[in-house]
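Student: Pasting a structure here, questions to come.
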Amino acid sequence: MKRLIVAVIFLSFFSVCVFAQDKGVKAKASKTVRKSKEEVWERVVPQEPGFPGNDKDWQNFVKKNLIYPENAKEKRIEDTVVVEFIILKDSTISDLKVISGQKELHEAAIGLIEKVPYWRPYVLDGCRRVKYYMKVPVVFKLEE
C-alpha cells in the first residue's frame, strides 16, 4: 500500500513537471503570465511616445529654444498654445498644427516643436512602431 501511495505521488509530481514545460513559448517582453496549461499571455509595456528624454530635459529644451515673439512681449500676452502632430514610425513628425492659443504665439510654438531633432515613436509589442497623434502644450509666460 505504501508503494502505491508513493508511486501515485511520484507520478503526480512528474506529470506536473512535464506539463509545466511548454516548448516554443518565448517572451517578447518583460513578463509571461500563465492562465492555464494552454493559455499564455504576455505583458508588454509599450514605449510611450514623446520628447526623447524626461520632463526636466523637455523643460531645459524649451528654455533654450523657445523664442518669445516681440509683439507678444509688448502686448504682455501670456498663454498656453496646444500643438498637435503625428509622430511617424521613423521618429519624424507630420501634420503639425495649432489647436488652441493666442494667434501671436502660434509661429513660436510651431518653431519650437520643429526644432526637436527627433521624437520617440510609439512602440507596441516591444518591437512594432506605429503612428501616434500627439498634443503638446507650449506655455508662454513672461518673466516678472
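Student: When both residues are 6+ apart or on different chains and their Cβ atoms are under 6 Å apart, which pairs have a first residue that lies in region 123-144 and is under 20 Å from Ala108 (Cα atoms) and among the hydrophobic types (A, V, I, L, M, F, W, C), and a second that is open to solvent by 70 Å² or more (accessible area, probe 1.4 Å) and modelled with pLDDT of 90 or more?
Tutor: Listed by first residue and then by second, the contacts come to Phe140/Glu78; Leu142/Glu78.
Student: State which residue is farthest from the chain's Cα centre (by Cα) when the search covers only region 124-139 and only residues that are in a strand (DSSP E or B) and not aliphatic (A, V, I, L, M).
Tutor: The initial filter retains those residues of region 124-139 that are in a strand (DSSP E or B), namely 124, 128-130, 132-139.
So of that shortlist, the ones also not aliphatic (A, V, I, L, M) come out as 128-129, 132-133, 135, 137.
Working: Arg128: 12, Arg129: 11, Tyr132: 10, Tyr133: 12, Lys135: 13, Pro137: 17 Å.
Checking each candidate, the answer is Pro137.
Student: Out of the residues in region 70-83 that are crowded, with 16+ Cβ neighbours inside 10 Å and in contact with a strand residue (DSSP E or B) (Cβ under 6 Å, 6 or more places away or on another chain), state the one that is nearest to Val136 (Cα to Cα). Steps first, answer last, please.
Tutor: Initially, region 70-83 is screened for residues crowded, with 16+ Cβ neighbours inside 10 Å, giving 72, 77, 79, 81, 83.
Filter once more, so that each one left must be in contact with a strand residue (DSSP E or B) (Cβ under 6 Å, 6 or more places away or on another chain): 79, 81, 83.
On the way: Asp79: 13, Val81: 8, Val83: 5 Å.
By that ranking, first place goes to Val83.
Student: Oh, and also: Collect the residues in region 84-122 that are touching a helix residue (DSSP H, G or I) at 6+ places or on another chain (Cβ under 9 Å) and either open to solvent by 40 Å² or more (accessible area, probe 1.4 Å) or over 17 Å from Pro52 (Cβ atoms) (or both), keeping them in residue-number order.
Tutor: The answer is Ile93, Leu96, Lys97, Val98, Gly101, Gln102, Glu104, Leu105, Ala108, Gly111, Lys115.
Student: Just checking, which of Lys31, Lys56 is at pLDDT 55 or above and loosely packed, with under 13 Cβ neighbours inside 10 Å?
Tutor: Details: Lys31 fails: at pLDDT 55 or above.
After ruling out the rest, the residue left standing is Lys56.
Student: Go through region 78-123 and count every residue that is touching an Asp or Glu at 6+ places or on another chain (Cβ under 9 Å) and assigned to a loop (DSSP other than H, G, I, E, B).
Tutor: Counting residues in region 78-123 that are touching an Asp or Glu at 6+ places or on another chain (Cβ under 9 Å) and assigned to a loop (DSSP other than H, G, I, E, B) gives 4.
Student: Looking only at residues that are modelled with pLDDT of 90 or more and of a type in the set (Val, Ile, Thr) in region 123-141, which one is surrounded by the fewest Cβ atoms within 10 Å (Cβ to Cβ)?
Tutor: This residue is Val139.
The values are calculated or read from the model by the stated rules, or taken from the named source; none is laboratory data. Owing to the predicted nature of the structure, the values given are computational and were not obtained by experimental measurement. Ideal geometry is used to build each Cβ from the backbone, glycine not excepted, and the neighbour counts take in all protein chains shown. Heads up: the accessible areas ignore ligands, DNA and RNA and are worked out on the full protein's heavy atoms, side chains in. Shrake-Rupley method; radii C 1.70, N 1.55, O 1.52, S 1.80 Å.
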